[in-house]
Amino acid sequence: MLTISDIGGVVAKEDERYIVKDNTHLKNLVLSSTVLHPGKNTTGHKHAGQEEVYIFTKGSGRMQLDDQKVFVKKGHIVLIEDGVFHKVFAGPHGIDFICVFDGRRSH
């Protein structure tokens, strides 16, 4: 059994911006959690042939989807379609989110 605050897995990335943990237990999906520190942002990227689901679990900020920026906070879920550029910007208190994507990490 996993929880929102502990998805299991191992640290995949860590720097002054964030801590990213990946659980690769499943064959076809990756469960990833990110703690994005206050005022920081993710690099931003898009994937050909890969969809993602972001579930925001703590804090607030903005998310860029191609040319649009939307407000996100705890409890929001964002569906990211194949090929859509996406980037998360943490608010003044940071933002945490869980991401589910198919395949393996390529970003």
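Nothing in this text is a laboratory measurement; each read-out follows from the coordinates by a stated rule. Values in this document were obtained by computation on a predicted structure and should not be read as measured data. With ideal geometry, Cβ positions are generated from the backbone for all residues, glycine too; neighbour counts draw on all protein chains shown.
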What distance in nm lies between label points placed 7 Å from Cα along the C-beta direction at Phe85 and Asp67? 1.0
Quick one: 3J(HN,Hα) in Hz for segment 63-76, Karplus 6.51/-1.76/1.60 with θ = phi - 60°, rounded, Gly and Pro as x. 10, 8, 10, 6, 9, 9, 10, 10, 6, 10, 8, 3, x, 7
Under 5 Å between amide H atoms, partner at least 5 residues away or on a different chain: which partners does Phe85 have, H built in plane at 1.01 Å? Asp66
If the cut-off is 19 Å between C-alpha atoms, which aspartates and glutamates fall inside it for Lys58, apart from same-chain ones fewer than 8 positions away? Asp6, Glu14, Glu16, Asp22, Asp96
Burial ranking of peptide ranges 27-38, 42-53 (average Cβ count within 10 Å, highest at the top): 27-38, 42-53
For Lys13, list long-range residues whose amide hydrogen, built 1.01 Å from N in the peptide plane, is under 5 Å from its own amide hydrogen. Val20
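With +1 on each Lys and Arg Cβ and -1 on each Asp and Glu Cβ, and nothing else charged, work out how big the dipole of the chain is about its Cα centre, in Debye to the nearest 20. Intermediate values should be presented prior to the final figure.
Details: 14 positive and 13 negative charges, 52 e Å.
Dipole of the chain, to the nearest 20 debye: 240 debye.
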Unsatisfied cross-links (Cα-Cα over 22 Å) in the set Lys21/Lys87; Lys40/Lys87; Lys13/Lys69; Lys27/Lys73; Lys21/Lys73; Lys13/Lys40: Lys13/Lys69; Lys27/Lys73
